[in-house]
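Some notes on the structure that comes next.
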Amino acid sequence: MDSKIKIAVIGMGYVGLPLARLFATQYAVVGFDINQARIDSLRLGIDSTLEIESDSLQKVLLAQKSDAVGLYCSSDINAIADCNYYIVTVPTPVDKNNRPDLTPLYKSSETVGKVLKKGDIVIYESTVYPGVTEEECVPVLERISGLLFNVDFFAGYSPERINPGDKLHTVDKILKVTAGSTPEIGQKVDRLYQSVITAGTYLASSIKVAEAAKVIENSQRDINIAFVNELAKIFNLMDIDTQAVLEAAGTKWNFLPFKPGLVGGHCIGVDPYYLAQKAQELGYHPEIILAGRRLNDSMGEYVASQIVKLMIKKGISVNGASLLMLGITFKENCPDVRNTKIVDVICSLKEYGIAVTIYDPLASREEVFNEYQLEINTAVPQNRFDAIVLSVAHAAFLEMDLSPLQNTNSIVYDVKGVLGEKVDGRL
């Protein structure tokens, strides 16, 4: 690759930071984020998302902007003015009505547009519906920069495949799909990622194909999880252990190993709405995609009802009962609480008059309160509870002795199916 390549990564979150660190092993990279507190902590080598170990981050950090190989973090737009590759990794959430919210993409495109120069390439990694890069983001770049698309500047797309909390499947070990706004730019984008992704790359035929490939990855997982969630509901009515059924069915070589659960986070629980929205704009109502979403979104209330039924069967007075919720993040060993469905369970339990205590050693107390107006404990509570619910399979929870936290007549409910047989119920 051209040694003069300078890369700006826009957005230093779960996607942007691992990518910036990886590129910084071979190129001069500027990690840009509008959150000054995030930049300050990164400059100290601290990653609050826990995706990058401090020593790994320290190895590539630069104290000041330079042309040297390494990572310089900044919230100053002037720091990215001399870059020639801009990689946008901002989140793509949905609003309260589950409609795609492209505001972060628009804002980041405006930022890049202010420093865009002739010959520059802007690559988007954010998950979107097909057409967003060229039909929504590129016009912003053109308007702000005054430059002409595919004449003065170019675009690319390489969907993120980060799995938060996964220390095995890191960004360099996951095959990367790439695409460009022209065949030549596609080759350039592909070579850039090839230079750091050891798992290899796959050059898609167009940006829209790459966008569509990403959005169906998570839609497929969402639908499959919805299927096993529905099975769990059916088998519970039949008094059959769902986990045992899945283990038996899993002995067939082509059976897909999905498990029931709460589908939250910023990917699987969100991305299907992007595809559904675009389909509806074109006059098609996506039956399966939206059915899967409805079923998965209903699971929080269902889990709460199962917990309450177990308490009643054991003679526990539900109204005023005490319950310990182990975990509030959207997945195990990860501090991310965005779109966590544990909150749905908590809200439903509170409607029954249950006093819920939340313990999660990884989640940020400030973030949980600001997002959900819920108080959490980051240390193990010292009292006893009428019910204990394992909602997130943090490694720390798997090693806990629950007996000091139980009353003589307590129940233990295992949402994740990881505690074995010594529980009163599980999903």
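The values are calculated or read from the model by the stated rules, or taken from the named source; none is laboratory data. Note that the structure is predicted; figures quoted are calculated from it, not measured. Please note: Cβ atoms are built from the backbone with ideal geometry, for glycine as well, and neighbour counts cover all protein chains shown. Ligands, DNA and RNA are stripped out before the accessible areas are found, and what is left, the full protein with its side chains, is counted by its heavy atoms. Shrake-Rupley method; radii C 1.70, N 1.55, O 1.52, S 1.80 Å.
Which of the helices (runs of 4 or more DSSP H) found entirely inside segment 204-307 contain at least 3 residues meeting this: within 29 Å of VAL412 (Cα to Cα)? If you could, list the steps in order and put the result at the bottom.
Details: elements: 207-237, 242-249, 271-281, 287-297.
The helices (runs of 4 or more DSSP H) meeting that bar are 207-237, 242-249, 287-297.
With respect to LEU42, is the statement that it is open to solvent by less than 30 Å² (accessible area, probe 1.4 Å) and in contact with a Lys or Arg (Cβ under 7 Å, 6 or more places away or on another chain) true? Outline the logic, then answer.
Working: open to solvent by less than 30 Å² (accessible area, probe 1.4 Å): yes; in contact with a Lys or Arg (Cβ under 7 Å, 6 or more places away or on another chain): no.
So LEU42 fails the test.
Can you report the number of residues in segment 78-103 which are open to solvent by less than 50 Å² (accessible area, probe 1.4 Å) and under 28 Å from ARG191 (Cβ atoms)?
Going through segment 78-103 one residue at a time, the tally reaches 12.
For segment 9-25, indicate whether the set of residues that are buried (at least 18 other Cβ atoms within 10 Å of the Cβ), under 27 Å from GLU371 (Cα atoms) and among the charged types (D, E, K, R) is non-empty.
no
Name every residue in segment 117-153 that is open to solvent by 10 Å² or more (accessible area, probe 1.4 Å) and either of a type in the set (Phe, Trp, Tyr) or within 23 Å of SER219 (Cα to Cα) (or both), in order of residue number.
Within segment 117-153, TYR129, PRO130, GLU134, GLU135, GLU136, PHE149 meet the criteria.
When you go through GLY156, GLY165 one by one, which is the residue that is assigned to a loop (DSSP other than H, G, I, E, B), small (Gly, Ala, Ser), touching a residue at least 40 places away in the same chain (Cβ under 8 Å) and open to solvent by less than 30 Å² (accessible area, probe 1.4 Å)?
On the way: GLY156 fails: assigned to a loop (DSSP other than H, G, I, E, B).
Testing whether each residue is assigned to a loop (DSSP other than H, G, I, E, B), small (Gly, Ala, Ser), touching a residue at least 40 places away in the same chain (Cβ under 8 Å) and open to solvent by less than 30 Å² (accessible area, probe 1.4 Å) leaves just GLY165.
Restricting segment 378-414 to residues that are out of contact with any strand residue (DSSP E or B) (no Cβ under 6 Å at 6 or more places or on another chain) and of a type in the set (Val, Ile, Thr), which is surrounded by the most Cβ atoms within 10 Å (Cβ to Cβ)?
Per the stated criteria, the residue is VAL392.
Pull out all pairs, ordered by first then second residue, where Cβ-Cβ is under 7 Å, the residues are six or more apart or on different chains, the first lies in segment 56-74 and is touching a residue at least 60 places away in the same chain (Cβ under 8 Å), and the second is open to solvent by 40 Å² or more (accessible area, probe 1.4 Å).
That search, which allows pairs on different chains as well, returns CYS73/ARG43.
Return only the number of the condition from (1) assigned to a helix (DSSP H, G or I); (2) touching a helix residue (DSSP H, G or I) at 6+ places or on another chain (Cβ under 8 Å) that PRO139 does not satisfy.
The number of the failed condition is (2).
Does VAL368 count as crowded, with 17+ Cβ neighbours inside 10 Å, at negative phi and in contact with an Asp or Glu (Cβ under 6 Å, 6 or more places away or on another chain)?
Numbers: crowded, with 17+ Cβ neighbours inside 10 Å: yes; at negative phi: yes; in contact with an Asp or Glu (Cβ under 6 Å, 6 or more places away or on another chain): no.
It is false that VAL368 is crowded, with 17+ Cβ neighbours inside 10 Å, at negative phi and in contact with an Asp or Glu (Cβ under 6 Å, 6 or more places away or on another chain).
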